[in-house]
Amino acid sequence: MKKVLIAVLTTFALSAGTMVLAADAPQANAKDECLLASKNCANEVDSIQQKLKKIKAEIKKGKKVYSAEELKKLNQKLKEANEILNNLEKPGAGR
Amino acid sequence: MKSSKSLAALAVLGLTVAAATPALALENEFHGMFAARYINSNFNGTSTTSFGDGAKYGGDTLYMPEGKPKKVYSANFIEQRARLQYIAKANADLKLVTHFELDYTYWGNSSYGANSAPAGFSGAGRNGGGAIGADTVNFETKSIYLDANVAKNVNMRLGMQPYNDSFKGILFDADMAGIAFSSSYNKFTPSIGYFRFNDTGVQQDRVLGHLTNDLFLLDAKYAVSNELKVGAAYYLFRNNSDTTNSNLLNDISRQDVKMSTLGLNAEYTSGPLTLNGFGVLQAGTVNKRSTTAWALNAGAKYKVGPGTARTEFLYVSGESGTTGHSNAFYSVFNHIGLSEHGYYDNEMAILGRDKNAYTTDNSIIASAGNNAQGQIGGYIGYDLPVTSKLTTAFNAGFAAVAKENANKPTRNTGSKNKSNYLGTEINAEATYQLLEGLSVGTRVAYVVLGDYYKDVASNGTPVNPYDFKLMFKYTF
């Protein structure tokens with residue numbers, strides 16, 4: 001029993017550390033789209049345009065998918081994303 | 001090692017790795033903007049604006065053709081700006097927001113750290129480094145603040161943050177250090193905040209918190225229905241610091257301002273029509289003068305044909321005298337003569353603040369109070385989308401000062417013009433989406449100067465100003 005437990009714990013300890021790396025490793029014989037075209041990179045973040053598109057698409061799903069509270073959160077996220085875009089594009093020397 | 005100790009060691013290792021994994025879940029957001037624009041103008045980058053007497057190069061500068069030749073050389077230059085934003089999100093309720101800026105006021109200005117900006121420009125190196133060799137420290141911090149939902153429905157922003165008023169920017173719209181709380185209860189959205197604009201006490205008595213410029217605010221919005229939203233705000237401005245006098249041209253001195261501002265705003269949307277507007281009333285004292293001032297605004301948008309027609313009207317009170325009770329409108333300025341507010345809904349490029357202006361930022365009306373003269377303006381426009389990638393807009397504006405005072409330019413004969421009419425602007429804009437996030441656009445603006453400026457140049461009436469911009473912009 002103890003030997004089994006040691007084996008299980010060893011496997012867990014080793015696999016947890018390598019799990020995050022698995023997503024980056026390209027499959028054998030498949031193109032690395034991240035290197036080739038900066039697509040499907042494991043650590044890519046959304047541009048502000050992508051973020052706005054995604055939020056609007058989710059809000060469009062409406063009450064069929066989201067509760068009223070969740071829709072309120074999404075609308076708040078939309079407001080924050082629009083604020084980010086406005087602040088990036090604000091004119092003037094001082095602002 | 002005994003098997004029980006091995007077991008314990010492995011259990012600890014397994015738990016440590018498992019516990020360490022959630023710390024790798026910090027969400028990183030990166031956003032930014034890059035823009036480069038070519039400017040050809042007899043207004044921007046010339047002696048009547050950017051290099052005028054008392055003008056503070058770097059933006060927010062008033063058109064001052066008085067005493068200059070009526071015809072100025074046309075400027076040709078290229079301006080560049082980049083903004084970078086990094087947001088570190090610990091979870092849905094906690095994030096650190098940072099925002100930086102890197103500008104070249106114009107290509108060819110300076111390199112290797114030599115500050116080529118004229119006297120009066122604050123921040124060595126800022127906006128420099130656009131000459132051959134580059135290599136200049138010009139990294140600016142715009143804002144760094146904590147954004148946290150500290151309780152259910154209560155959001156706190158703490159630090160240097162972008163914040164604007166609820167009146168289309170006629171009072172304040174800037175990066176400012178402070179603390180602001182906002183909440184949302186069904187249809188009611190209240191906010192409360194405190195900001196420290198300036199602290200100039202180190203120059204006198206060597207103590208901080210002694211000569212300060214502060215804002216306390218209460219702001220609330222209420223959604224009466226899906227169509228109608230109303231709002232109200234109270235702003236208390238207390239300025240006892242060495243900063244800009246809001247009523248005089250280029251005066252930086254010890255201020256003594258206690259100004260209460262109360263405003264109401266509303267927005268109504270129904271089908272193709274949107275109406276909005278506000279009324280603001282101020283009462284207090286500005287440098288020992290009791291002051292009552294006001295501003296009124298009405299705006300409308302109507303979807304007609306393939307596009308949207310727009311109209312705006314703005315009135316800001318002014319004051320003709322230099323003593324006694326005043327009606328001059330108070331807005332927020334910084335300590336180097338530049339306004340930290342801006343009204344852009346009128347879509348002007350020369351007559352009013354230009355939404356496309358970066359470091360070079362000049363206009364005929366450069367502040368809400370307009371050097372205590374106030375303003376009256378009517379503006380119309382039409383946004384016309386041509387294709388999914390090409391949009392255009394056409395605008396016209398008509399503006400005058402509300403009250404003539406000593407800040408009005410003098411004719412080359414020594415007298416002042418009777419007319420308060422500043423001028424008429426027409427402008428046109430086209431923007432084409434080259435790639436996702438990357439656009440190229442152009443804007444042309446031309447002003448027929450009013451008789452407010454008749455014969456104020458050294459040898460006659462200034463030629464009518466124009467401005468042409470070709471703009472590339474990438475946002476991500």
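Identify, from the list B:T461, B:T431, the residue that is modelled with pLDDT of 95 or more, out of contact with any His (no Cβ under 7 Å at 6 or more places or on another chain) and within 14 Å of another protein chain (Cβ to nearest Cβ).
On the way: B:T461 fails: within 14 Å of another protein chain (Cβ to nearest Cβ).
Only one candidate qualifies: B:T431.
Does the stretch B:311-339 hold any residues that are within 15 Å of B:M259 (Cβ to Cβ) and either within 14 Å of chain A (Cβ to nearest Cβ) or outside any strand (DSSP E or B) (or both), and which are they?
Listed by number, the residues that qualify are B:S317, B:E319, B:H325, B:N327, B:A328, B:F329, B:Y330, B:S331, B:V332, B:F333.
Against the definition (farther than 29 Å from B:V304 by Cβ, surrounded by fewer than 22 Cβ atoms within 10 Å (Cβ to Cβ) and touching a residue at least 24 places away in the same chain (Cβ under 8 Å)), how does B:K389 come out, yes or no?
For B:K389, the condition - farther than 29 Å from B:V304 by Cβ, surrounded by fewer than 22 Cβ atoms within 10 Å (Cβ to Cβ) and touching a residue at least 24 places away in the same chain (Cβ under 8 Å) - is not met.
Would you check if B:V440 is more than 14 Å from every other protein chain (Cβ to nearest Cβ), closer than 23 Å to B:Q373 by Cβ, modelled with pLDDT of 95 or more and not in a loop (DSSP other than H, G, I, E, B)?
no
Is it the case that the stretch B:195-208 has a residue that's among the hydroxyl-bearing types (S, T, Y) and part of a strand (DSSP E or B)? Break it down stepwise before answering.
Residues of the stretch B:195-208 among the hydroxyl-bearing types (S, T, Y): B:200.
Next, from what is left, pick out any that are part of a strand (DSSP E or B): none.
Looking for residues that are among the hydroxyl-bearing types (S, T, Y) and part of a strand (DSSP E or B), one finds none in the stretch B:195-208, hence no.
Residue check, B:Y344 against (1) buried (at least 24 other Cβ atoms within 10 Å of the Cβ); (2) under 10 Å from the mean Cα position of the chain (by Cα), all met but one. Which one?
It is condition (1) that B:Y344 fails.
With respect to A:N82, is the statement that it is within 22 Å of B:N356 (Cα to Cα) and more than 11 Å from every other protein chain (Cβ to nearest Cβ) true?
Here the answer is yes, as A:N82 does meet what is asked.
Output the residue which, of all residues in the stretch B:168-190 that are polar (S, T, N, Q) and either part of a loop (DSSP other than H, G, I, E, B) or more than 12 Å from chain A (Cβ to nearest Cβ) (or both), is surrounded by the most Cβ atoms within 10 Å (Cβ to Cβ).
Among residues in the stretch B:168-190 that are polar (S, T, N, Q) and either part of a loop (DSSP other than H, G, I, E, B) or more than 12 Å from chain A (Cβ to nearest Cβ) (or both), the one surrounded by the most Cβ atoms within 10 Å (Cβ to Cβ) is B:S184.
When only residues in the stretch A:42-79 that are within 13 Å of chain B (Cβ to nearest Cβ) and of a type in the set (G, A, S) count, which is surrounded by the most Cβ atoms within 10 Å (Cβ to Cβ)?
Here the answer is A:S47.
Would you mind telling me which numbered condition in (1) among the hydrophobic types (A, V, I, L, M, F, W, C); (2) at pLDDT 95 or above; (3) farther than 27 Å from B:A406 by Cα B:M259 fails?
(3)
Okay, residues lined up against (1) modelled with pLDDT under 95; (2) out of contact with any Leu (no Cβ under 8 Å at 6 or more places or on another chain); (3) closer than 24 Å to B:F100 by Cα:
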| position | (1), (2), (3) |
| --- | --- |
| B:F139 | yes, no, yes |
| B:N153 | yes, yes, no |
| B:D165 | no, no, yes |
| B:D175 | no, yes, yes |
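The values are calculated or read from the model by the stated rules, or taken from the named source; none is laboratory data. Just so it is clear, the structure is predicted and the values come from calculations on it, not from any experiment. So basically every Cβ, Gly included, is an ideal-geometry build from the backbone, and we count neighbours across all protein chains shown.
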